[in-house]
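Asker: This structure is in structure tokens; I'll ask about it shortly.
The values are calculated or read from the model by the stated rules, or taken from the named source; none is laboratory data. Just so you know, these numbers come straight off a predicted model, no measurement behind them. Methodologically, a virtual Cβ is constructed for each residue, glycine included, from the backbone with ideal geometry; neighbour enumeration extends over all protein chains shown. Side chains are part of the model used for accessible areas, which takes the heavy atoms of the whole protein and leaves out ligands, DNA and RNA. Shrake-Rupley method; radii C 1.70, N 1.55, O 1.52, S 1.80 Å.
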Amino acid sequence: MSGKEVTFKESRIIATTLLLVGMGFLASVVPEVNLNLFLFNLFLAIIAFVLFYTFWRKLKFQSKRYYSLLSYVMTNTLAIYFAIPLLRLYFLTFTFWFGIGMLLIMIIVPYLYAKEIAFGVQKPYKSKLGKIFLIYTVLVMVFGISAYMGSLYHANADALVVAVVVFLLSLMFFFLAPILLIKPEEMDELMKK
């Protein structure tokens with residue numbers, strides 16, 4: 001499949017990498033500054049940059065596929081960044097382990113249902129995605145209750161709100177990421193249902 005060439009200027013490689021570096025920095029300062037965490041996040045941004053460049057070299061004549069893979073890497077990198085602050089706040093507590101469990105579920109399960117999720121996102125009124133969202137809602141409520149209970153005994157309650165919000169964004173990004181791997185022709189076929 002060929003199409004209009006995506007030039008390096010249009011590739012968004014530099015802008016997306018800078019976004020990842022900036023978000024990685026922000027994720028490393030909640031609840032307090034951690035240089036090692038920033039270096040880890042910077043390393044993830046560098047890996048993402050290498051992947052972006054590789055995708056661009058191989059897929060610059062397949063713009064839909066290229067931008068889809070660029071978005072996939074960006075979304076997963078941001079999801080990792082956004083999960084870290086809450087896990088730092090509750091390190092090795094019940095909330096930490098529950099959060100790890102939720103992350104594992106949201107990393108694995110969406111790949112099993114990628115096409116259903118894609119259909120649900122594109123046509124929510126025709127999908128069975130409501131059941132998955134119901135389970136997600138229950139997990140979020142249980143997690144929110146445990147996070148609140150933990151915050152009553154935690155010194156960094158100010159950072160808690162930011163950490164919870166970005167953690168929920170992390171879960172959403174992990175949930176949506178697999179649909180970015182669906183090839184454009186498969187997505188077109190899926191939407192015809």
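Asker: Of K183, K64, K58, which has the most accessible area and how do the rest follow, probe 1.4 Å? The partial results should precede the final answer.
Answerer: Details: K183 90, K64 135, K58 155 Å².
My answer, sorted largest first, is K58, K64, K183.
Asker: Provide Rg and Dmax in Å for the range 27-102, with only Cα atoms included in the calculation.
Answerer: Radius of gyration, then largest Cα-Cα span, for the range 27-102: 15.6, 49 Å.
Asker: What is the projected area of the convex hull of the Cα atoms of the range 1-70, averaged over all directions, in nm²? Walk me through the intermediate numbers first.
Answerer: Values: hull surface 18.3 nm².
If I average the Cα hull's projected area over directions, I get 4.6 nm².
Asker: May I ask for the net charge around F61, where only other residues with Cβ less than 10 Å from the Cβ of F61 are counted and Lys, Arg are +1 while Asp, Glu are -1? Could you put the intermediate results ahead of the total?
Answerer: Details: positive: K4, K58, K60, R65; negative: E5.
Net charge in that neighbourhood comes out at +3.
Asker: Report the extension gain between I108 and K183 in nm, rounded to one decimal, defined as 0.36 nm multiplied by the number of residues separating them, less their alpha carbon distance. Before the final figure, lay out the partial values.
Answerer: Details: separation 75, 0.36 × 75 = 27.00 nm, distance 1.95 nm.
That pair, I108 and K183, stretches by 25.1 nm at full extension.
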